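I have placed the structure first, in the form of structure tokens, so that the comments after it can refer back to it.
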Amino acid sequence: MVIDFLDESAPTDQAADICIVGAGAAGLAMAHAFIGTSLKVCLIESGGYAGEERNQALYEGHSVGSPAFDAASSRMRVFGGSCNLWGGGCMPLSALDLSPRDWVPHSGWPLSPAELAPYYQRARRFCGIETHALDGDRFLSALKRPPVPLADTLVNQIFVRSSVLFGQAYRAQLERAPNITVLLHANLLELLATPDGAAVRHACIGALSGRRGKVRARHFVLACGGIENARLLLLSDSVLPKGLGNRHGLVGRYFMDHPSGKLGTLHAKAADRLARPYDRQLGKGVAPFPEIGLSEQVQRAHRLLNGRVHPFAVEGPVPRGLRALRGLRAAMRTRSVDENGRLEARLCAAMRSETAPEAMLAPARGSLGKLALQLGMGMGDVAHAFARRLVDKPAVRASHVQLVGYFEQAPNPDSRVSLGEERDALGQRKVRIDWRLTALDRHTYRTAANLFGTELARACDGRFEPDAWLSEDNASPARVRGTAHHLGTTRMADDPGRGVVDRHCRVHGMDNLHVAGSSVFPTGGWAFPTFTIIALSLRLADRLQAMCLA
């Protein structure tokens, strides 16, 4: 059943066994796991089925750290969450990612690979990639294009791209499920605790129209992402002034992302041979792809954080006829004019990495008639490009390759999410983000850039030219930005003095409050986080079902 909380005729209050706040990847995976059970579930979502600017504005906040961080454009407030825009990358964390590392302060998960393994297997089905076998932390899928052989310093790691948009894929099942109630346009204002702060009594919810209500449940789950989970715990301060789960002042700390930056340029005659196996534009739907990562041996030897590099081929001169064809396609492409389409386009543009290269020259511009004339005069160019494609070569030969790095971030208690003084349209304090890097982060960027560049240059008989910001004597800030993978603000630990939630994702010191999503990650590796988010969410769903039915 679906209820739009903006509907004045809808009930203001709900009762359930389990209340899940947030209908992104984590919340949808959990709600879906309860379909057909005897448990009644209420799934609260701030947005509707389509993006709306007034809801998106509730994500606005302030950045006070370095690098700067835009909280409003790096996530989407809608049914389906930010995964409405995700790239589909599915990759488990490695055993080393989960382990304590003496060179990475605050590292180590309380979970072993064996404890996560069965839930990674189940996550494959939820992501629609069940035909791709997973052995431990490795997919065994065969690649269409073999990547270049690498020395021991680097490894080709395979991930699988999902084509599932969770909000679209599972909406109908949730609508039909008699034990699931989906509340749209309902914003969590506060989790109201019992007088001793040991449990949540009910969730206070509100709509932008001014409606207010309550959801009572036996268990509550925050599944609102790596920033909002922390914000909502801090906002729930009527009983405990520091917020829920914050007795040790850890809520919002250890904020991490996967920093990304251009590492340099690779000049080689075989530039296409290097870059083409890693080009995700060449496959449609579910498909495996390789990524170039640092080997475990080199991480240990050089005391590095985990990381990967992506080779982007940059086209050489584009013939006039081909530019005209691209211009015609761009001019004739249907553009979305509804609010959801405009919002998605704006967020995609904002989240597109500034470090991604100019992989293709801008298409020719002009009237359709002029472009058609240029195309007619350049049909030979088009035919030549088509012939190259027939033998699995790019339409235009690459002039060089730009190497872009994506890195694990060191856990840092001074990198944090807190509350600012400015308030949003619901009267709630906006988020304040102080994103900070450490000396270990900068050491990793410099060392990894040299390792990546040197080995890839050797592999394709080329020459690597590192970017100037990576020089040891360059004191300028690291030229990296976030990749919208928000991690760590309610980190998992067995010791309440070191984390906000325990190994079962229950908030320390609270009987019925749990957190799902990447905010519980103690470290993030380089792997795309959604696959692990879903695995952890399925694990939490199993635990809650067992607790409720005991």
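Computed from the coordinates by the stated procedures, all read-outs in this text should not be read as laboratory data. The structure presented is a predicted model; accordingly, all values stated were derived computationally and were not measured. Reconstructed Cβ throughout: ideal geometry from the backbone, glycine too, with neighbour counts over all protein chains shown.
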Across Lys144/Lys262; Lys262/Lys393; Lys214/Lys430; Lys262/Lys284; Lys144/Lys269; Lys269/Lys393, pairs whose alpha-carbon gap is larger than 19 Å: Lys144/Lys262; Lys262/Lys393; Lys214/Lys430; Lys262/Lys284; Lys144/Lys269
Compute from the Cα atoms of the chain the Rg and the Dmax, the latter being the longest Cα-Cα distance, and quote both in angstrom. 24.2, 79
Note, region 474-485: 3J(HN,Hα) by Karplus (6.51, -1.76, 1.60, θ = phi - 60°), whole Hz, Gly/Pro = x, goes 8, 8, 5, x, 4, 8, 10, 9, x, 10, 6, 10
0 to 90° range, to nearest 10: angle between helix 439-459 axis and the chain longest Cα axis: 30
Report ³J(HN,Hα) in whole Hz for each residue of region 62-77, in order, from the Karplus equation J = 6.51 cos²θ - 1.76 cosθ + 1.60 where θ = phi - 60°; Gly and Pro get x. 10, 10, 10, x, 9, x, 5, 9, 9, 6, 7, 9, 9, 7, 10, 9
So what are the radius of gyration and Dmax for the Cα set of region 112-248, in Å? 21.4, 62
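Rounded to the nearest whole Å³, what is the per residue volume of the convex hull around the Cα atoms of region 58-148? Display every interim value, and only then the final one.
Numbers: hull volume 18.7 nm³, N = 91.
Value for region 58-148: 206 Å³ per residue.
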Please list, short to long, the whole-number percent of alpha-carbon pairs of region 1-90 in consecutive 5 angstrom bins beginning at zero. 3, 11, 19, 20, 19, 14, 8, 4, 2, 0
Taking H as built 1.01 Å from N, whose amide H comes closer than 5 Å to the amide H of Arg253, not counting residues under 5 places away? Val417
Tabulate in residue order the Karplus-calculated ³J(HN,Hα) for region 84-99, using 6.51 cos²θ - 1.76 cosθ + 1.60 with θ = phi - 60°, rounded to whole Hz; enter x for Gly and Pro. 5, 10, 6, x, x, x, 10, 7, x, 6, 7, 4, 5, 4, 7, 8
For Val431, list long-range residues whose amide hydrogen, built 1.01 Å from N in the peptide plane, is under 5 Å from its own amide hydrogen. His62, Gly420
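Just to be sure I understand: of the beta bridges DSSP finds with both ends in the chain, what percent are antiparallel, rounded to 5? Could the numbers behind the result be given before it?
Values: 54 of 81 bridges.
Of those bridges, close to 65 percent are antiparallel.
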Once amide H atoms are built 1.01 Å from N in the peptide plane, which residues 5 or more positions from Ala398, or in another chain, come under 5 Å H to H? Asp272, Gly316
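Can you show me the helix-derived [θ] at 222 nm for the chain, built from DSSP H runs with n ≥ 4 at -39,500 (n - 2.57) apiece and divided by the number of residues, rounded to the nearest 500.
Working: 14 runs with 154 residues, N = 550.
Helix-only estimate at 222 nm: -8500 deg cm²/dmol.
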Find the Cα radius of gyration of region 378-506, compare it with 2.2 N^0.38 Å by division, and give the number to two decimals. 1.64
Between the helical axis of 530-549 and the dominant principal axis of the chain, each derived from Cα atoms, what acute angle in degrees is found, rounded to the nearest 10? 20
In what sequence, highest mean first, do 71-80, 440-449, 473-482 appear when ranked by Cβ atoms within 10 angstrom? 71-80, 440-449, 473-482
